[in-house]
Amino acid sequence: MIAGLGLLVGIILGLMLQPEVPLWLEPYLPIAVVAALDAVFGALRAFLDGIFDDKVFVISFISNVLIAALIVYLGDKLGVGGQLSTGVIVVLGIRIFSNVAAIRRHIFHA
Amino acid sequence: MPEMSDDMDEPQTGRQRLLAALTRPGSRGQLTAAILLAVVGFAGVVQVQSTEENDVYAGARQEDLIQLLNSLGLASQRAENEIAELEQTRSSLRNNTDSRRAALEQARQEANVLGILAGTLPAVGPGVLITVEDPTGGVGTNQLLDGLEELRDAGAEAIEINDTVRVVAQTSLQQGDDGGIVVDGQLLTPPYTIEAIGDSHTLADSLDIPGGFTDGIEEVGGNVVVKELTTVEVTTTRDPTQPEYAEPVETE
């Protein structure tokens with residue numbers, strides 16, 4: 001309940017404040033958001049499995065975001081930023097799909 | 001990293017757990033999740049907005065971008081050509097105005113010169129003031145005409161008699177019936193004052209030559225006083241007369 005409210009508050013804040021994305025953050029923010037989404041779906045699945053642990057959630061969230069940003073940064077430095085970003089997105093996308101599939105099985109038993 | 005265990009042998013089903021979490025205000029875990037979800041929501045919305053704002057061309061293919069760039073280059077070249085053309089037009093117009101202004105200035109000067117010569121404009125300048133007294137009534141057209149011719153010969157540019165008649169090319173002199181002189185149909189009576197604009201010294205000298213104007217007047221009992229002035233005002237003007245018979249000859 002509170003978790004849902006938190007999501008709502010975040011979206012409303014973003015809509016109301018409409019902050020400019022700082023230039024140095026611009027390449028990392030999209031990947032970081034996708035990585036965070038992966039952590040969120042993983043946490044939801046763990047919660048439905050009954051093994052949710054908030055400590056694990058926080059750590060996985062932060063480490064997902066940081067690693068995603070680090071990979072993009074490294075890719076930029078190596079000159080393969082675009083490809084590496086695509087790779088990260090693909091991997092995270094696959095994980096999100098598998099997590100969502102598990103969540104679906106829990107909720108709809110299908 | 002979230003856990004990946006997939007075993008389903010829990011006493012409570014996932015659905016029940018979700019329902020419970022949604023209906024109860026939650027635990028510490030829910031609060032943590034709320035904060036992180038707020039962060040995700042915030043970042044996601046910000047990213048979406050910044051993408052919508054400025055990335056019109058982000059998804060375009062390379063060929064499209066090249067084509068776009070080419071067309072923009074062409075457009076800017078066209079605009080530059082147009083600018084150059086307009087600037088040329090402007091400079092030519094400016095030249096036109098300048099030459100027209102010069103022509104107008106010249107025409108105005110010419111009109112001034114001709115106006116002074118034809119007597120249509122008042123004139124001012126150095127010259128002489130001649131006063132002719134005629135106690136005996138002997139001064140006639142001969143003497144006056146003599147004087148006018150002398151003045152013209154000496155380069156007088158504008159001549160006026162008695163402040164009433166401007167002497168020009170068409171001026172005529174006639175003896176008045178009861179004394180006096182009729183100039184251009186106007187009867188003038190002595191004393192006559194003649195104002196002439198020109199080099200005052202030359203004009204004065206021209207009148208003083210032996211057998212000239214002064215001598216002629218004195219011969220018939222008159223009296224001449226010539227004053228050289230630095231400013232003589234010839235204020236009388238004539239209406240320009242339209243030539244009735246004479247027409248200008250067209251010159252190539």
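Coordinate-derived values only; no laboratory data. Computed from a prediction, not measured in an experiment: that's the story for all the values here. Every residue, glycine among them, receives a Cβ derived from its backbone with ideal geometry; neighbour counts consider all protein chains shown.
Each peptide in B:191-200, A:80-89 receives the mean, over its residues, of other Cβ atoms within 10 Å, and ordering these scores from highest gives B:191-200, A:80-89. Each label was represented as a point 7 Å from its Cα along the Cα-to-Cβ direction; for B:A102 and A:S98 these points are 9.0 nm apart. Quick one: grab the alpha carbon gyration tensor of chain A, order the square roots of its eigenvalues as a ≥ b ≥ c, and give me rounded if a/c is under 1.5, else prolate or oblate depending on whether a/b is larger than b/c. The shape class here is oblate.
Charging the Cβ of each Asp and Glu at -1 and of each Lys and Arg at +1, and nothing else, the dipole of chain B about its Cα centre rounds to 2540 debye. Mean-square fluctuations from a GNM of chain A, with a 10 angstrom spring cutoff on Cα atoms, peak among A:V21, A:V91, A:V65 at A:V21. Dipole check for the range B:83-191: with +1 at the C-beta of Lys and Arg, -1 at the C-beta of Asp and Glu, and the Cα centre as origin, the magnitude is about 760 Debye.
Computed log10 I(q)/I(0) for chain B at 0.08, 0.12 Å⁻¹: -0.61, -0.88, from the Debye equation with unit scatterers placed on every C-alpha and solvent omitted.
Here the spin labels are modelled as points 7 Å beyond Cα on the Cα-Cβ line, and at A:K77 and B:L65 they lie 2.5 nm apart. As a rough guide to protection, the peptides B:35-48, B:238-251 ranked by mean Cβ packing within 10 Å, highest first, stand as B:35-48, B:238-251.
Per-residue mean of foreign Cβ neighbours for A:50-56 is 6 (Cβ atoms of other chains, 10 Å radius).
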